[in-house]
Every structure is written in structure tokens, then in C-alpha cells.
Amino acid sequence: MKNDTIIWTWSFKEYQQKNWDEKTNYNITKVWNEYKNMISQKLRQYNITVLDKGYDFKAFPAKINNIIYTINSKQTHKFNEGFGYNEIEKESIIIHTTAFGNKTVYEKKNYKWKVINSAIVGCIPSPKKGRIAIIKINEKRGYEGPQNLITPEVIGCHLTKGFK
């Protein structure tokens, strides 16, 4: 990770999976187990160290290098009158620590394909120290309604630089 930007997005479409039916229940663990080789290859492409033993995935608040980091997502929503649902109009993600202060690591407005929900699921610290990959999940409205699409985003974050 060399900067604090989105480095890759990938769309997981539940209904396009082998042996899928409406009773199939996907969660982040199942998706990770099925796609970890592809995701690991992509991480290596961006010089993110892939560990043989797995990743040290942490939920927020996360203690990294003896410093506790918290994260906050601020969203404004608008009602899409054409389709009859709420969607995220603007979103920002701020990381905070008492050691360094606050830093905005993500800001986006007017999504191309309307995001109706998003959540930060945690982070993966770099084994080289000083950086994390923040994992954010977006829920987008399906083409003609449900089934909705789940798309992860990986956001790079330096742990000491850029804080105010």
C-alpha cells in the first residue's frame, strides 16, 4: 500500500455462483473461503503481503502497535423517487486515535450504481508495520431489485501520517 486510496473493488453476485438457489446463504467467511486465492493474488499485485498462515484480521476498535484505532463512517442519504428506496448520497470514513488525532481516509459522493448500505468490517494490518488495509462492504441494489449485490472495497491507510 503506497497511498490512502481505494486500490481494488470486486463484485460478488450471489445469484451467479455455482449451485446457487434462493436458500443459499452467503456470508463474508464463506465468500473469503471460496475466493481467498483470487483475492490473495490481487493483494500481492498491489504489494500487500499475503501471509501463509492467514491474515491478522481485526475488528474496530483495533489495537495495532500498542495504539488503539477507532473508525467512524458518516453517511448522508437521499430518497430515490424513481425506484422508491433510500441510497447513500455521500460517505466519509474517519480513523481516530488519541495518539495522532483524526484522518479522513475515504470520501465519496454520488455513487454511479446506487449504494443502499455500507459497513466497515475491519482491517488487515501490514506485516511491514505502519499501514492497514481497511475492509469496507457495500450493498448495492440489484438490477431489478433483490437479490442485492455485495461489493467489498479495500482502502489503504497509513497509521501515523496525515492525522490532524
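Computed from the coordinates by the stated procedures, all read-outs in this text should not be read as laboratory data. Small disclaimer: the values here were computed from a predicted structure and weren't measured. Positions of Cβ are generated from backbone atoms using ideal geometry, with glycine treated the same way; all protein chains shown enter the neighbour counts.
Annotations
- Estimated FRET transfer efficiency (Lys42, Ile137; beta-carbon r; R0 25 Å; 0.05): 0.95
- Among the chymotrypsin sites (Phe, Trp or Tyr not before Pro) within the range 66-96, those in coil by DSSP and having at most 14 neighbouring Cβ atoms inside 10 Å are Phe83.
- Distant-in-sequence amide contacts of Ile7, defined by a placed amide H-H separation under 5 Å and a gap of 5 or more residues or a different chain, comprise Val154, Gly156.
- A crude spin-label estimate for the pair Thr98 and Lys58, with each label 7 Å from Cα along the Cβ direction, gives 1.6 nm.
- C-alpha center-to-center spacing [the range 73-92, the range 141-164] in angstrom: 15 Å
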